[in-house]
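Coordinate-derived values only; no laboratory data. If you're wondering where the values come from, they're calculated on a predicted model, not measured in any experiment. Glycine also receives a Cβ, built like all others from the backbone with ideal geometry; neighbour counts cover every protein chain displayed.
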Amino acid sequence: MVNVSETYNPYTAVRDVDVLVDFDAVNTDAAEHATFTANDYNNISIFSNLTNGNKDISKYATCEAGLTMLDGSWSYLPTTITTQEIGWWSESIADENGDFANTPTLTGTLSSQYDCVGFTVFSDTEGNGIKEAIVTAYSNNTTVYSQRFYSNSRDMVIDLPANDFDKVILQVIKGTPNRRIKLNEFKFGILKQWNRNSIVSVKIDEAGDVAGEALPIKKATVEFDNSTHEFDITGSTKKYVNTRAMETATITFSDINSVSRPSQLFDNVIDLSNYATSENSYTMLNGEWMYLPNNNSGDYQVAYISNSISDNDGEFSSSPTITYTWSNKLEISGVRFLFEKNNYPKTINIYAYENNTLIGSTTITDNTNHDLTVNFATYNCDKLVLEFNDMNNGNRFLKIAEIELLRYADSWFNYLAKDYPLSINFVINGEKVFMGNKYYFETVKTRNGGLTAEITAHDFICQLDDQRYTHGSNTTINIRDFINDIFSGTGININYDFVGSPTINRTVPKNDTKRNALQLGSQATCHTCWLTRNDVFKVTNLDVGTTIRDTFNSSNLYSMDILNLSDYITQVRLEVNNEYLEEQRDPTIYTSGSGGHYREITNDCVNSSLGQSVADWLLAQKKRRLFFEMECRGNPALEIGDTIRITDKNGTSYLAVIYEQKFEYDGGLKSTVLAIA
């Protein structure tokens, strides 16, 4: 049974049930080889804390305005910082608008190049998060990915897939007003969490096999809201601002007005203010218009204004153009324009060149958008020309607030096939109950016309289906060394619930999988095996114990039709082969019991010293015929191997051990429990 509090009660008359599904697509290798520095930091900062995996640390009381609450949850900052969790604290404090006099910048330098699906940063408290930041990934000091991100919570998810990068820089543009930056953790990856507000259903299966004839895997199926189409079943890529293209471009303009500010083309402006100009019948006396200041005063956002005014039909006598040139060749996936509202060009021509040879072009006609993204994919481009022919109204200047050159980057969705953990918790009346870590092995399925998506995940054992056991030979080995060898380097802990080190044959059938090898080796010692929720491989027996973990009766069962009898077995014939002999021999047969109701079982790993004992043990397990299949309200704290008390409709009480469970959540929770007496 998993750890729960003394007050835990899964069967309250009215219970609140939630489910939390966490997806951690994190590159732990990158974190281990990253060194952080900052241009603005308090001396108590401990940069190594940023990658130690601990995103939840103590809340330290400071004198920042409105920060410390007298609720008993805050700690005094110690005089000497030794083993405390601190992370990065900026020396600067944001003003009342959340702005800093100088941009606090955190730089992570890696010892070699790594890939990750994005980044996630965690601040110390929910009300003290970073509001706006620019994140840039570099390779050999060349920008490869860059984007501006926003957040209204403690954590900031940076959906910026980066390949082959060796440096990442976080520039904090805006923080919480009157607060320092206090960053606890910097994850080289994305952490996603879904709860009942976004989850349609969750199904979890876990099992062990009483006679050790199989090594079942844990399986989880999660269906969740996909109305935003974040999970594109095609695994398509996303578009990002190609900051590298902007940084290295030489930009020239035709027909440019002297009040233009070309340096503002890339300022991530949301809107272009209405400035009063001499255009015919353009300025409205409604209080929304401003005078355009001269070029040396004021702070205004007009990156480009044409010198010419379109004629009565909106056409220019000479089309304004903007030209980008580069010394190197770039990939471009599109161009985003931000024009003045109600004052946008109708016809736009885009030309791409390589060595002054036209390699691609596109034309937009009848445009009706002031915020326009043009899909235009080209490769090996060293010159890009943007040409504007006419306006939607006559007698207008062309005004551009911003131009963004876009590139493709992999969506983090494309990384779902990798072995990142999917962690699931049920929350019963506010208390978390851990259901285990799963790992992705199947692609996402769309449901309901793409409005929902479904992920099927398995535990680590599923990986062993793709790995062959190659150490088979005509030798013997003790079971501990055998299983340790299979799990070497995986981080899996092993629990041998028996005394000693029984000897088995290493004669695993040729080309058999490591999963089958584990099952054969465990059964050859009169034990079964499974992987627990905490990723511990147990080699044990599914016997009824003395500690009762739960009671099942009419108060928590949906039906009292729960009793079942399995097949009647009176004899087991155990067959042991050896494929590693130079001359093949007949298999060795061990028989336990007698009669015509027999079961044949093959296990080539059974050593002669235990042959008869294994046959006797298998027969004893087959004679355990009384089992229970119960649909109930569901107690997610129960695990495989737990002993329960069951009372049937006649009032007869039984003790049984759980060997299989199926949980289903669809807004409420129920489970199917299989147990054997």
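Results, tabulated for the structure shown:
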item: Ordering of 310-320, 137-147 by packing [mean C-beta count within 10 Å, highest first]; result: 137-147, 310-320
item: Sum of side-chain charges, GLN113 neighbourhood, beta-carbon under 12 Å (Lys, Arg +1; Asp, Glu -1); result: -3
item: Charge dipole (debye, nearest 20) of region 126-208; +1 at Cβ of Lys and Arg, -1 at Cβ of Asp and Glu; result: 460
item: Chain lengthening between GLU431 and THR470 when straightened (0.36 nm per residue, less Cα-Cα); result: 9.5 nm
item: Gain upon complete extension [SER112, PHE487; 0.36 nm per residue less C-alpha separation]; result: 132.2 nm
item: Förster radius 22 Å - calculated FRET efficiency between ASN152 and THR37, Cβ distance, rounded to 0.05; result: 0.20
item: Inter-site label distance for SER608 and MET560 at 7 Å from Cα along Cβ, in nm; result: 5.7
item: Calculated Rg and Dmax of region 537-677 using C-alpha coordinates, Å; result: 19.2, 63
item: Gain on full stretching of the segment that runs from ARG585 to THR368 - 0.36 nm per residue minus C-alpha separation; result: 69.8 nm
item: Label-point separation, VAL499 to TYR568 (7 Å along Cα→Cβ), nm; result: 3.9
item: Candidate values [x] 53; [y] 38; [z] 58, label of the one derived for percent of Cα pairs over 36 Å apart; result: [z]
item: Separation in nanometres of the label points that stand 7 Å from Cα toward Cβ, at THR547 and GLU96; result: 6.0
item: Value of relative contact order over the chain, rounded to a whole percent, pairs C-alpha under 8 Å and six or more apart; result: 14
item: Among beta bridges that DSSP assigns inside the chain, antiparallel share in %, nearest 5; result: 90
item: Taking PHE224, PHE188 and counting other C-beta atoms within 10 Å, the order from fewest to most; result: PHE224, PHE188
item: Residues LYS670 and SER361, FRET efficiency given R0 of 56 Å [Cβ-Cβ distance, rounded to 0.05]; result: 0.40
item: Region 467-540 - charge dipole about Cα centre, Lys and Arg +1 at Cβ, Asp and Glu -1, debye rounded to 20; result: 180
item: Only Lys, Arg (+1) and Asp, Glu (-1) charged, at Cβ; the chain dipole about Cα centre in debye; result: 1040
